[in-house]
């Protein structure tokens, strides 16, 4: 890999002045994407008063060595073990000093200076606390980057596929916000954690990410806490970046999908009462039973799709197995006070 032109000031020069933005990037075994992310960041945003803190979660693919050699102007923190996404981001945040803090996934590619318009929006809207830009896929198309807080109703809509059937309906749009086209700036309930920027004062008010969330769910929890604290959360359509998605999870997709299921359950345990928790398990079972039947039927009657349908069958079976193990082994967590024991 060739080293791109270094635009960022040296660590010594950065220490003389407080940066406007601190960018925290957590890395775990995604060397190719990390190189592209940091190269594009250097190329597109090197003129800004920015500090970059890269936190490596004990990668074994040469990522930390590459970062140290090719991007010496960035601060590299090397964890001795994989501490998870939330805890690693907290380490980066604790070492940052910018007026704003941006958490950016390692598989993001910057195609322009997206920070300047975000900063301008912050300055013009002093009440805004958490801001997320528009997500583009590798093909340049707009991708979903917002959600609603999980409720019994929107989980039911998702389980029965109503959000896919009635895509433009606010009522059936579900927690994935299928009814929002992400073309306008607006307040939202949840910003997905691929790329978010927080005002330092608001971050200090709300607190760090909850380290109990290992890889998923921390973004929903953080957005919930921002709103509970009266700190507005906004999707900003005036800036954009590419997010490839799945850079770390592609090697074991079912395992990582189960991590998402566990994170969902953690959210319901933390923020919902016992009745809602029972409903979560019921709806979860319906969701994956419906998908298991659909995938099995497609496997039998659509030979050309058997490879993808077999994966879906395996995924649904793994989820139902997890549901069985969780409901039999962790019934205590259905009760509010047990969560704090």
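Things worth noting here:
- The residues 157, 45, when put in order of fewest to most other Cβ atoms within 10 Å, stand as 45, 157.
- C-alpha long axis of helix 253-271 to longest principal axis of the chain, angle in °: 90
- Peptides 297-308, 179-190 ordered by average Cβ neighbours within 10 Å, highest first: 179-190, 297-308
- Degrees separating the helix 306-329 axis from the principal Cα axis of the chain, which is the longest one: 80
- Binned Cα-Cα distance frequencies in region 66-156 - 10 Å width, integer %: 11, 32, 38, 17, 2, 0
- With contacts taken as Cα pairs under 8 Å at a separation of at least 6 residues, the chain carries a relative contact order of 17 percent.
- Helix 85-94 and the longest principal axis of the Cα set of the chain meet at an angle near 30°.
- Mean Cβ neighbour count within 10 Å, used as a protection proxy, ranking 113-121, 194-202 highest first: 194-202, 113-121
- Beta bridge orientation in the chain: antiparallel %, DSSP, nearest 5: 40
- Relative frequency of Cα-Cα separations exceeding 15 Å in region 248-288, percent: 48
- Compactness ratio for region 38-189: Cα radius of gyration over 2.2 N^0.38 Å (N = residue count) comes to 1.25.
- Label zone at residue 47, where the point sits 7 Å out along the Cα-to-Cβ direction: region 104-123 residues whose backbone N lies under 13 Å: 112-117
- Two-decimal Rg to Rh for region 10-114 - Kirkwood Rh, Cα set: 0.93
- 20 Å-binned pair-distance histogram of the chain (Cα, whole percent): 28, 58, 14, 0
- Quarter the surface of the alpha carbon convex hull of region 167-301 and you get the mean projected area, 10.8 square nanometres.
- Each residue in 270, 31 was given a count of other beta-carbon atoms within 10 angstrom of its own, and listing them fewest first yields 270, 31.
- What the Cα atoms of region 281-321 give is an Rg and a Dmax of 10.2, 33 Å.
- Shape of region 167-239, Cα gyration tensor, a/c cut at 1.5: prolate
- Ranked for footprinting exposure by Cβ neighbours inside 10 Å, fewest first, 28, 222 give 28, 222.
Read-outs: derived from the displayed coordinates by stated rules, not from any lab. Only a predicted model underlies this, so the values are computations on that prediction, with no experimental measurement involved. Note: ideal-geometry Cβ built from the backbone for every residue, glycine included; neighbour counts use all protein chains shown.
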